[in-house]
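Report on the following structure.
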Amino acid sequence: MVAVLGYSREQIAVAVKEMYSTVAADPEAGFHFPVGRSASRAADYDERLLDPVPDRALAAFAGVGCPFRADVIRPGNVVLDVGSGSGVDAIIASRLVGPAGKVLALDMTPAMLDRLRDLVRGEGLANIEVIEGDAARVPLPDASVDVVTSNGVLNLVPDKRRAIAEIFRVLRPGGRVQIADIVIGLPVTPDCRADPKLWAECVVGATVDEDYLDMFRDAGFDDVEVLRSHDYFRHSPSPETQEVARSFGARAIELRMRRGRRVPAALQALRRLDPRRVGRQLHRRGLWGVAALAAALLACYGTLAAVAALAAAGVAVALDEAAWAAAIVALAALAALAVLAGHRRHRRIGPGITAVLGAVVIGYVMFVSYSIVFELAGFALVAGGVAWDYILRQRSVSRLARKGAVASSA
Ligand SMILES: C[S@@+](CC[C@H](N)C(=O)[O-])C[C@H]1O[C@@H](n2cnc3c(N)ncnc32)[C@H](O)[C@@H]1O
């Protein structure tokens, strides 16, 4: 999962409420994301679905996709719309469930709720109930709804696992979920995710696609299907936002899934240690260099410490020194290669040269002429290259996100 560190959830909630209060009060104010009818076009809604939706609801629509492609709502169902906004999806769902069903429209922004309450009263939408609440603490009993729908919301929620656990909790066993949301291909740095303004205005709250799907699977959802993925930001009125979204691989996805069995917390934690997942995380965060360097140090000094400890315990171990040295050099070379690959992201060759130099020095001391001073110098050079590369990668990601935020607030 994308690391979320050091931010204040309250500050992010305030920034998100501020942003969507403006959308509710003045939908034509001009945002870096599509709002209103242009948003419904960007999300590719079938015009027939929008037929029963009053203009006043459509005017403040801010969805990112069309969750109804999942086709999971049936007459008589109780449907929860998480982050209902101005109520477009709630109104469509209210038609689908009919008079025997019910739609619970949950949102945390009072201005959006007021807008929707007026509409519900004015249009006599008797089967919609408007509820003020947080997606991370849904004020509903366990197993009380048949379907959860949500559109463009979870990317704005800091504690996504908690919100997903809440969706699971309120759904009856076998209940269905339809979601449209933003995902990214490249993780955003923790400092960007810590900035409430960036969170509300940019793509920084979104999660990396595979991690997003894994969060649902971990929580116990089955048959998690991506029905469609589209370039939502292509419709952004801001070219800078389009560029930032492209750089992060940000896009909208539409999902369908089913509530399965509850997964014990210990098993959920164990799933996160799946080596394929760990490998993916290292790759996306540019941490292969760190991992290879740590492995090289462990192979070198960890082995020495283990052999010494065994000897102290009276166990003699015969070490194949050539194989040992080859393993250390191979891991140091791997770290240097990973650092060299960072050039593609930040276009600086310094870290790669430093790390390669370090790996060459380690190779020299292992196979040509041993010296502890040169060995330590070799490791220090590789470590320097790894750290330099990491800092440059983080800076390039931060710059991208901030560029998008500056553009969107201009
Ligand atoms: C992008 S808008 C989408 C609104 C609506 N789903 C639509 O399609 O027009 C996001 C909405 O989610 C609400 N929201 C964001 N975070 C929330 C949270 N933690 N709990 C409840 N609502 C939230 C916001 O107030 C806003 O109305």
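The values are calculated or read from the model by the stated rules, or taken from the named source; none is laboratory data. Note that the coordinates shown come from a computational prediction; the quantities given were computed from them, not determined experimentally. All Cβ positions, even for glycine, are placed from backbone atoms using ideal geometry, and neighbour counts span all protein chains on display. Quick note on the areas: whole protein, heavy atoms, side chains included, nothing else; ligands and nucleic acids left out. Shrake-Rupley method; radii C 1.70, N 1.55, O 1.52, S 1.80 Å.
Points to keep in mind about this one:
- Condition broken by ASP55, with the remaining ones in (1) closer than 15 Å to ALA111 by Cα; (2) open to solvent by 80 Å² or more (accessible area, probe 1.4 Å) satisfied: (1)
- Filter result for the condition that a residue is touching a residue at least 12 places away in the same chain (Cβ under 8 Å), more than 11 Å from the ligand (Cβ to nearest atom) and open to solvent by 10 Å² or more (accessible area, probe 1.4 Å), over LEU156, LEU104: LEU104
- Unmet criterion (only one of (1) in contact with a Leu (Cβ under 8 Å, 6 or more places away or on another chain); (2) crowded, with 18+ Cβ neighbours inside 10 Å; (3) under 30 Å from HIS32 (Cα atoms); (4) of a type outside the set (Phe, Trp, Tyr)) for ARG393: (1)
- Qualifying residue in the stretch 71-83 (condition: open to solvent by 10 Å² or more (accessible area, probe 1.4 Å) and within 10 Å of the ligand (Cβ to nearest atom)): yes
- Contact annotation: residue pairs with Cβ atoms under 8 Å, 6 or more positions apart or on different chains, pairing a residue in the stretch 203-219 that is open to solvent by less than 10 Å² (accessible area, probe 1.4 Å) with a partner that is of a type in the set (Ser, Thr, Tyr) and assigned to a strand (DSSP E or B), are MET215/THR207.
To keep it simple, each residue is scored yes or no on (1) in a helix (DSSP H, G or I); (2) more than 8 Å from the ligand (Cβ to nearest atom); (3) at pLDDT below 95.
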{"position": "ASP89", "(1), (2), (3)": "yes, no, no"}
{"position": "LEU96", "(1), (2), (3)": "yes, yes, no"}
{"position": "MET112", "(1), (2), (3)": "yes, no, no"}
{"position": "GLU129", "(1), (2), (3)": "no, yes, no"}
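- Near pairs, Cβ below 9 angstrom, 6+ apart or cross-chain, from the stretch 52-75 (in a helix (DSSP H, G or I)) to any residue that is of a type in the set (S, T, N, Q) and more than 10 Å from the ligand (Cβ to nearest atom): PRO67/GLN178; PHE68/GLN178; ARG69/GLN178; ALA70/GLN178
- Residue list for the stretch 237-254, filter: surrounded by fewer than 22 Cβ atoms within 10 Å (Cβ to Cβ) and part of a loop (DSSP other than H, G, I, E, B): PRO237, SER238, GLY249
- Look at (1) on the phi < 0 side of the Ramachandran plot; (2) at pLDDT 95 or above and you find that MET19 fails only one, number (2).
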